[in-house]
1. I'd like the full set of residues that are surrounded by fewer than 17 Cβ atoms within 10 Å (Cβ to Cβ) and under 18 Å from N131 (Cβ atoms), limited to the stretch 70-115.
2. Given (1) free of Cβ contacts under 8 Å to residues at least 40 places away in the same chain; (2) in a loop (DSSP other than H, G, I, E, B); (3) not aliphatic (A, V, I, L, M), identify the lone condition not met by E95.
3. Take the stretch 58-86 and flag every residue that is within 12 Å of the chain's Cα centre (by Cα), at pLDDT 95 or above and assigned to a loop (DSSP other than H, G, I, E, B).
4. On the given criteria, is R10 closer than 22 Å to P124 by Cα, surrounded by 13 or more Cβ atoms within 10 Å (Cβ to Cβ) and touching a residue at least 12 places away in the same chain (Cβ under 8 Å)?
5. Right, S126: in contact with an Asp or Glu (Cβ under 6 Å, 6 or more places away or on another chain), surrounded by fewer than 18 Cβ atoms within 10 Å (Cβ to Cβ) and in contact (Cβ under 8 Å) with a residue 12 or more places away in the chain or not?
6. Would you confirm whether or not the stretch 41-52 contains a residue that is in contact (Cβ under 8 Å) with a residue 40 or more places away in the chain and of a type in the set (A, V, I, L, M)?
7. Give just the number: which of (1) more than 17 Å from G111 (Cα to Cα); (2) among the aromatic types (F, W, Y); (3) surrounded by 18 or more Cβ atoms within 10 Å (Cβ to Cβ) does F22 not satisfy?
8. If I filter the stretch 35-60 down to residues being in contact with a Gly (Cβ under 9 Å, 6 or more places away or on another chain) and more than 13 Å from the ligand (Cβ to nearest atom), which single residue comes out as most open to solvent (accessible area, probe 1.4 Å)?
Amino acid sequence: MEELLDMAWRAYDLAYCPYSKFQVGAAVETIMGERFSGCNVEVANYGCTVCAERTAMVKAVSEGSLKRGGLRHVVVAADTPKPVGPCGSCRQMIEEFANEDTLVHLSNQKGKIAHSFKHRELLPYSFGPENLL
Ligand code: THU
């Protein structure tokens, strides 16, 4: 968990957020133990902006490391008084790859996790792949 937390904070430093100036870093770990980090990437039209959590998941999927049900941990890092929880779109993408045990950890201080939640607590009664597949 320490390494995953570190990866999220290293990604935080890379955030591309010239419009909001709100940096976010994230890191995910798969059930096979592979880890990927991501930062938020903003775009001038705003709507194309990608959150840190989704950047990390997309990297994991596109490297062939994250499949349905394969998400073990998600760490979200932001330098804020209150820890930042993933937005609705990120929760929905987490749902796509989550399993019963997937945990989401929030960190607002380097080296520390402030809260850990089961993904299912963050998105109850969700719509997910099992509704379609
Ligand atoms: N943001 C994230 O990257 N993750 C979150 O969980 C919340 C919001 C980003 C999107 C945007 O670049 C900036 O934070 C302000 O909303």
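1. Selection gives G88, S89, Q92, E96, N99, E100.
2. With (1) free of Cβ contacts under 8 Å to residues at least 40 places away in the same chain; (2) in a loop (DSSP other than H, G, I, E, B); (3) not aliphatic (A, V, I, L, M) applied to E95, the lone miss is (2).
3. The answer is A78, G85, P86.
4. Criteria not met by R10.
5. When the stated conditions are applied, S126 passes them.
6. Scanning the stretch 41-52, I find at least one residue that is in contact (Cβ under 8 Å) with a residue 40 or more places away in the chain and of a type in the set (A, V, I, L, M), so the answer is yes.
7. Among (1) more than 17 Å from G111 (Cα to Cα); (2) among the aromatic types (F, W, Y); (3) surrounded by 18 or more Cβ atoms within 10 Å (Cβ to Cβ), the lone unmet condition for F22 is (3).
8. K59
The values are calculated or read from the model by the stated rules, or taken from the named source; none is laboratory data. What you see is a predicted model; the values in this text were computed from it and never measured. Cβ sites come from the backbone with ideal geometry, for glycine too, and all protein chains shown count toward neighbours. Please note that ligands, DNA and RNA were not included when accessible areas were found on the heavy atoms of the full protein model with its side chains. Shrake-Rupley method; radii C 1.70, N 1.55, O 1.52, S 1.80 Å.
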